[in-house]
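I have placed the structure first, in the form of structure tokens, so that the comments after it can refer back to it.
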Amino acid sequence: MESLPLAQILHRRGAWSGAAETCELDYEGRFLRRKRLTTTTGRDFVVDLPQTTSLDDGDALELSNGARVVIRAAEEAVLVVTGPPLARLAWHIGNRHTPCQIEADRLLIRQDPVIRDMLLRLGAEIREATAPFTPEGGAYGHGRTYAHEHGHVHHPADAHGH
């Protein structure tokens, strides 16, 4: 049985350079710890990180054979949100802990009929699209945040024994 290259080193976007193969992953797929992945050219490799990590578009995984694989946000179904009260719309999206990609003149969220209805009621203009989805990572740096049963939020790196 052939042994696949192992990716145990993560280089964040902007902290690496050089040639790399590409692996496209959607928003959910970029949240991983251990997983078999395939590059766009069909090469398989195994990611084995020390903890569950949110990969960002432009991050690179270094393989055991020295090669690098750059992570790209794959296109997925999103809602493009615009409207004159854009800051207000962004506040309501954030208040519902909905991942949101914030741009100068629009917001992108994953397709969600409940959030869509709320935004329409608030005066938003919405259209469906397919685009790479790279939402904001949260106040604590890279990645996603998690609510615990005792009511506060942590970044994955802030593990404190529970």
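Ranked from largest to smallest solvent-accessible area, with a 1.4 Å probe on the protein heavy atoms, S54, S17 come out as S17, S54. Only Lys, Arg, Asp and Glu carry charge here, each on its Cβ (+1 for the first two, -1 for the last two); on that basis segment 89-136 has a dipole of about 120 debye about its Cα centre.
Ordering D56, D117 by how much accessible area each has at a 1.4 Å probe, largest first, what is the list? Provide the component values of the computation, followed by the final result.
On the way: D56 35, D117 70 Å².
Heavy-atom accessible area, descending, gives D117, D56.
When the solvent-accessible area of segment 1-89 is split by element, carbon and sulfur atoms take up 47 percent of it, the probe being 1.4 Å. About its Cα centre, the dipole of segment 53-128 is roughly 300 debye, where the only charges are +1 on Lys and Arg Cβ and -1 on Asp and Glu Cβ.
Please list 38-46, 73-81 highest first by mean number of surrounding beta-carbon atoms within 10 Å per residue. Intermediate results must be reported in sequence, preceding the final value.
Numbers: 38-46: 13.2, 73-81: 18.1.
Top to bottom by mean Cβ count within 10 Å: 73-81, 38-46.
To the nearest whole percent, what portion of all C-alpha pairs in segment 1-109 is separated by more than 17 angstrom? So the portion of pairs separated by more than 17 Å is 59 percent.
The values are calculated or read from the model by the stated rules, or taken from the named source; none is laboratory data. Bear in mind the structure is a predicted one, so any value in this text is a computation, not a measurement. All Cβ positions, even for glycine, are placed from backbone atoms using ideal geometry, and neighbour counts span all protein chains on display. We work out accessible area using only protein heavy atoms, side chains counted, and drop any ligands, DNA or RNA first. Shrake-Rupley method; radii C 1.70, N 1.55, O 1.52, S 1.80 Å.
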